[in-house]
Amino acid sequence: MKRFSANLGFLWTDLDLTDRIRAAADAGFRAVELHWPYDTPAAHIRRTCAETGVELLAMNSPLGNIRAGESGLAALPGREAEFRDTFLRATDYAFDAGASRMHIMAGIVSNSTATRSVLARNLQWAEEAVPEMSFLLEPLNNFDKPGYLYHLPEQAVRVITEAGLQRTRLMFDIYHVGREGLSPQKEFDRFAAHTGHIQIAGVPHRMEPYSGTVDMAAVLRHVSTKGYHGWIGCEYHPERTLEAGLSRLRELADVCA
């Protein structure tokens, strides 16, 4: 699976994190991406990736107050100091673990000039504060994450362009695009120049990427012909067992090898 990465926030969740990395390597993945691995020592992640030959791509910035339902801090007015403190600790951890990219989570907050301004300032600061790292913004569909700052690719790209960001890119998640009822091919054509990473899952149930209403093979062929040759993250919930679907996942991976 040359270009597929395993999202270990969703896959092999019955194992501890280092064993998930080993399982991903055994399944043929050459890269992994993480959600919030901060309870696992970064050195353990780096060592396991080195032992297995797996590349660590990225992880998410901290959520904030999980009990209060927060999903990121970067766009929350009045929380700038908290965002910056947790962000710096998260990027230090990411570097120690071996990652060079961070998905910065904006938060559940109204989409307004004020909140976009807070986010823009925080992202500009982040690019200046941590010049060795690049960043991703991911629109989350309004069904799964109601109230998140942006749920469409154009909204995240607007933040990137209006803030004049240089190392912040769009995480183009085909599942979220499909859940919004949009054409993944047409949306990718609009925002290919801003795309830094792609994620996949079946629409609408977020199961295996080859399941559901979106012809994932056709989408992957399309993005490849349009010049995207980066990693493609498999962020899905296995319908039964993960192993049962691996053969078809490998066939899908061959589409964009």
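Each reported figure results from applying straightforward, stated rules to the coordinates on display, with no laboratory input. Quick caveat: nothing in here was measured; it's all calculated off a predicted structure. Reconstructed Cβ throughout: ideal geometry from the backbone, glycine too, with neighbour counts over all protein chains shown.
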Query raised in the report: Once amide H atoms are placed 1.01 Å from N in the peptide plane, what residues at a sequence separation of 5 or more from residue 199, or on another chain, have their amide H within under 5 Å of its amide H?
Result: 172, 173, 174, 233
Report summary line: For segment 60-161 the translational diffusion coefficient, Stokes-Einstein from a Kirkwood Rh over Cα pairs at 4 °C and viscosity 1.567 mPa s, in µm²/s, is roughly 95 µm²/s
Query raised in the report: In deg cm²/dmol and to the nearest 500, what is the mean residue ellipticity at 222 nm of the chain if only DSSP H runs of at least 4 residues count, each as -39500 (n - 2.57), divided by the residue total?
Result: -12000 deg cm²/dmol
Report task. For segment 1-110, state which trypsin sites (Lys or Arg not before Pro) are in a DSSP loop and have at most 11 other beta carbons lying within 10 Å of their beta carbon. Result -> 67
Query raised in the report: Which listed residue (32, 141, 58) has the Cα farthest towards the positive end of the charge dipole for the chain, taking +1 on Lys and Arg C-beta and -1 on Asp and Glu C-beta about the Cα centre?
Result: 141
Requested in this report: Evaluate the charge dipole of the chain about its Cα centre and quote only its size in Debye, nearest 20, assuming +1 on the Cβ of each Lys and Arg and -1 on the Cβ of each Asp and Glu.
Outcome: 420 debye
Query raised in the report: Does segment 4-255 classify as rounded, prolate or oblate by the C-alpha gyration tensor (a ≥ b ≥ c root eigenvalues; a/c under 1.5 gives rounded; else a/b over b/c gives prolate, otherwise oblate)?
Result: oblate
Query - Length added when fully stretched, residue 129-residue 113, from 0.36 nm per residue minus Cα-Cα - result: 3.4 nm
**Report entry** Packing-based ranking, highest mean first, of 138-146, 167-175 given that Cβ atoms within 10 Å are counted
**Finding:** 167-175, 138-146
Query raised in the report: Reachable lysines from residue 145, Cα under 29 Å, same-chain residues fewer than 8 places away excluded?
Result: 186
Report summary line: per DSSP, antiparallel bridges as share of beta bridges in segment 4-255, % nearest 5, sits at 5 percent
